[in-house]
Amino acid sequence: MRAVYLVPVVPTPPDNASRTAPPGNHNPLASALSDLAEFDALLDAAVDAIVAIDQKGLIIRFNKAAEDMFGYTAAEVGGQPLNILMGPTDVTDHQQFVDRYLRTRAGRIIGRGREVVARRRDGSEFPASLSVGEARSPQGLRFIGLIRDLTSQKQAEEEALRHREQLMHASRLTTMGEMAATMAHELNQPLAAIATYTAACQRLLAVGDCSHTEVLTALREIGAQAHRTAEVIQRMRDFTRSRASLRKIVHLEALVNEVRPLAELDAKANHVRLFIYIAPGLPAINADGVQIQQVILNLLRNGVDAMRDVPEANRLLRLHARAESPRLLRVDTIDRGHGVPEAVREQLFTPFFTTKATGMGMGLAISRSIITAHGGKLDCANNPDGGATFFFTLPTAIET
Ligand code: ADP
């Protein structure tokens, strides 16, 4: 990574006598580097790019590395405003910071780094971190800035985010894939009902002697069944779509209600009774809704799986959501399955850990990373009367 030090260090003095800082204003760096040629050589040898500006924001030093980074020669930028190295927004911001500093000496930028958009000679822009230092010299106040090229760091961050999103997408597809077989079976029911009602309508109309009411009732039923089927399919498509992370102010109840038809179908197909309770009036959360739904469906899916060997009459899966405190929501999924052996409790959350013949072992790992990224916690505990409870917390969207 390369960096530009916007460092107004040792300005070129008008004559040799004025090179030394006045008493009480001693600049050890300037004294130590009294030989300007030596200083220039040092600047040019630096791997990082170094720029120095005076109080008016005019460039007075521009080292070799800065030339490489920005595509200007030192001669071209000498005496030019620093602005030519910055994107339009940051030009204004930077000038405001400097003016403010000159007025108040409150070091909003001095000694600190902030992110800016830097601009090369050819007009192309790149993300950079800018931190500014201050130096006093016989010629007045000078600013020392450091601009670090963040391009590769940003690219790495974006790449990591993309990978996470791809992984989440893959995991959603797996969850849906696992549910699809049983859901397809369930969706057959409304389709069969539609076929039956259609045949009935045809019969009634063929005979010609039928009441409007009978036909209308059948048609209404066809519409309702088709609507329900379409809604489930739509939810499946929404859920499995590839998408970038997006946080909004949302209500947990609405998120749960959206995935409820999918969860209910899955539970029904596995002869599990599903009971959902959301405490009324829960505060909103600032969250990526689809990701939270992914966690909820995953925990419910696991709960269903854990009860496969349990007699049907005992297969009860509950989801409870409540406020643990004004700042924290808590969601519990409580099953009556085989529970979690203490020895593997932490392993469950590591990628590829699975005890299922066809499991991927990604669900809990991804769910935990989603919840952690939202500022919450995901964990599990065995129930005293059998089965396990998987729970997570989420901070509410109340302002601090
Ligand atoms: P997968 O479902 O593909 O195995 P997960 O990461 O979702 O991947 O789960 C990892 C493992 O955690 C499961 O294989 C299972 O052994 C265990 N597990 C998850 N949920 C439960 C549960 N409700 N009860 C008991 N064990 C569970």
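The table for this structure:
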| item | result |
| --- | --- |
| Unmet criterion (only one of (1) open to solvent by less than 80 Å² (accessible area, probe 1.4 Å); (2) outside any loop (DSSP other than H, G, I, E, B); (3) away from the ligand (no atom under 11 Å from the Cβ); (4) closer than 23 Å to Glu165 by Cβ) for Gly376 | (2) |
| Flag for Thr389 being part of a loop (DSSP other than H, G, I, E, B), within 15 Å of the ligand (Cβ to nearest atom) and either touching a residue at least 24 places away in the same chain (Cβ under 8 Å) or over 18 Å from the mean Cα position of the chain (by Cα) (or both) | no |
| Residue tally, condition under 16 Å from Arg301 (Cβ atoms) and not aromatic (Phe, Trp, Tyr), over region 233-254 | 3 |
| Helices (runs of 4 or more DSSP H) wholly inside region 19-115 that include at least 3 residues being modelled with pLDDT of 65 or more and at negative phi | 36-45, 64-70, 74-77, 88-104 |
| Odd one out for Pro384, checked against (1) away from the ligand (no atom under 11 Å from the Cβ); (2) open to solvent by 20 Å² or more (accessible area, probe 1.4 Å); (3) closer than 23 Å to Val256 by Cα; (4) not in a helix (DSSP H, G or I) | (3) |
| Lone qualifier among Pro261, Pro283 - being modelled with pLDDT of 90 or more and surrounded by 15 or more Cβ atoms within 10 Å (Cβ to Cβ) | Pro283 |
| Filter pass, Asn302 being in contact (Cβ under 8 Å) with a residue 60 or more places away in the chain, out of contact with any Pro (no Cβ under 7 Å at 6 or more places or on another chain) and outside any helix (DSSP H, G or I) | no |
| Within region 334-366, tally of residues that are open to solvent by less than 50 Å² (accessible area, probe 1.4 Å), near the ligand (Cβ under 7 Å from one of its atoms), touching a residue at least 24 places away in the same chain (Cβ under 8 Å) and in contact with a helix residue (DSSP H, G or I) (Cβ under 7 Å, 6 or more places away or on another chain) | 7 |
| Hits in region 175-202 - residues which are surrounded by 14 or more Cβ atoms within 10 Å (Cβ to Cβ), among the aliphatic types (A, V, I, L, M), under 30 Å from Met362 (Cβ atoms) and away from the ligand (no atom under 16 Å from the Cβ) | Met183, Leu187 |
| Which numbered condition Arg318 fails, given (1) open to solvent by 50 Å² or more (accessible area, probe 1.4 Å); (2) assigned to a loop (DSSP other than H, G, I, E, B); (3) touching a residue at least 40 places away in the same chain (Cβ under 8 Å) | (2) |
| Number of the exception - Ile276 against (1) closer than 28 Å to Arg327 by Cα; (2) aliphatic (A, V, I, L, M); (3) surrounded by fewer than 18 Cβ atoms within 10 Å (Cβ to Cβ) | (3) |
| From the options Arg172, Arg235, residue that is open to solvent by 50 Å² or more (accessible area, probe 1.4 Å), part of a helix (DSSP H, G or I) and closer than 30 Å to Leu329 by Cα | Arg235 |
| Any hit, region 203-212, residues being in contact with a Leu (Cβ under 7 Å, 6 or more places away or on another chain) and either open to solvent by less than 50 Å² (accessible area, probe 1.4 Å) or assigned to a helix (DSSP H, G or I) (or both) | yes |
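Residue-wise test of (1) closer than 21 Å to Arg336 by Cβ; (2) away from the ligand (no atom under 16 Å from the Cβ).
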| position | (1), (2) |
| --- | --- |
| Arg273 | yes, no |
| Ala279 | no, yes |
| Leu282 | no, yes |
| Ile285 | no, yes |
| Val290 | no, yes |
| Gln294 | no, no |
| Leu297 | yes, no |
| Arg308 | yes, no |
| Ala313 | yes, yes |
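The values are calculated or read from the model by the stated rules, or taken from the named source; none is laboratory data. Here the structure is a predicted model, which means the values were calculated and not measured. For neighbour counting, all protein chains shown are included, and Cβ atoms are generated from backbone atoms with ideal geometry for every residue, glycine included. Side chains included, ligands, DNA and RNA excluded: accessible areas come from the protein's heavy atoms. Shrake-Rupley method; radii C 1.70, N 1.55, O 1.52, S 1.80 Å.
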